[in-house]
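Input: a single structure, listed below in structure tokens.
The values are calculated or read from the model by the stated rules, or taken from the named source; none is laboratory data. Keep in mind that this is a model prediction, so the values were computed, not measured. Note that each Cβ is placed from the backbone with ideal geometry, even for glycine, and that neighbours are counted across all protein chains shown. Heavy atoms of the whole protein, side chains included, go into the accessibility calculation; ligands, DNA and RNA do not. Shrake-Rupley method; radii C 1.70, N 1.55, O 1.52, S 1.80 Å.
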Amino acid sequence: MREWLLRAVGVLEIVGGALGLEAAVHRLSGLRAPLAIVAAAVAALFFAWALVAGVLLIAGSERGLRWSRWVQLAQVPVLSSGIVSYAVHVGAAVLVLAGFAWPPAWSLHVSGLSHGWLVGLLGAAPYGTRIGVDVLALLAWLVLRVAGGRA
């Protein structure tokens with residue numbers, strides 16, 4: 001069971017990392033603004049890191065286990081506001097979001113075999129002001145902590 005869970009996390013990281021890396025490189029090819037180029041390059045580096053972490057995790061590497069924990073932890077928080085927005089997912093996501101309107105609104109977003117990158121400043125809130133958690137990334141991080149042993 002332990003090996004199966006670790007492999008499942010690794011496969012999600014490989015698939016999401018490959019999809020995200022391809023999309024980020026494709027975006028890079030058409031950009032001209034320096035800040036947009038930097039943002040797309042950071043996204044490409046993150047997705048490449050997730051891809052390598054997944055490969056190392058499946059290979060049974062201790063480094064892959066440590067890197068995968070960080071990749072999963074980076075996906076847990078979700079924030080969307082008029083000032084700053086942050087949401088990253090690799091492979092799949094199950095987002096539970098709470099809005100700050102009255103009456104308070106909760107929402108659930110599920111996406112599978114995908115990638116996502118929303119890191120921005122000033123006016124980058126496509127869904128209004130919300131805060132949330134990627135439940136799938138949190139569960140994957142817990143699996144890596146418990147099933148992966150110490151490191």
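Mind listing whichever residues of segment 108-122 are of a type in the set (Val, Ile, Thr) and either modelled with pLDDT under 80 or surrounded by 14 or more Cβ atoms within 10 Å (Cβ to Cβ) (or both)? First the steps, then the outcome.
If we filter segment 108-122 for residues that are of a type in the set (Val, Ile, Thr), which is where we start, we get 110, 119.
Result: VAL119, single match.
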Next item on the list: Looking only at segment 57-84, count how many residues are part of a helix (DSSP H, G or I) and open to solvent by 50 Å² or more (accessible area, probe 1.4 Å).
Entry: 7
Next item on the list: With the condition kept exactly as written, say whether any residue in segment 15-28 is open to solvent by 40 Å² or more (accessible area, probe 1.4 Å) and in contact with a Gly (Cβ under 7 Å, 6 or more places away or on another chain).
Entry: yes
Notebook entry, point to check: Within segment 20-33, is even one residue farther than 14 Å from ALA92 by Cβ, over 13 Å from the mean Cα position of the chain (by Cα) and in contact (Cβ under 8 Å) with a residue 24 or more places away in the chain?
Noted result: yes
Margin query: Checking the structure you have, find out if any residue of segment 36-55 is assigned to a helix (DSSP H, G or I), closer than 22 Å to LEU138 by Cβ, open to solvent by less than 60 Å² (accessible area, probe 1.4 Å) and aromatic (Phe, Trp, Tyr).
Written below: yes
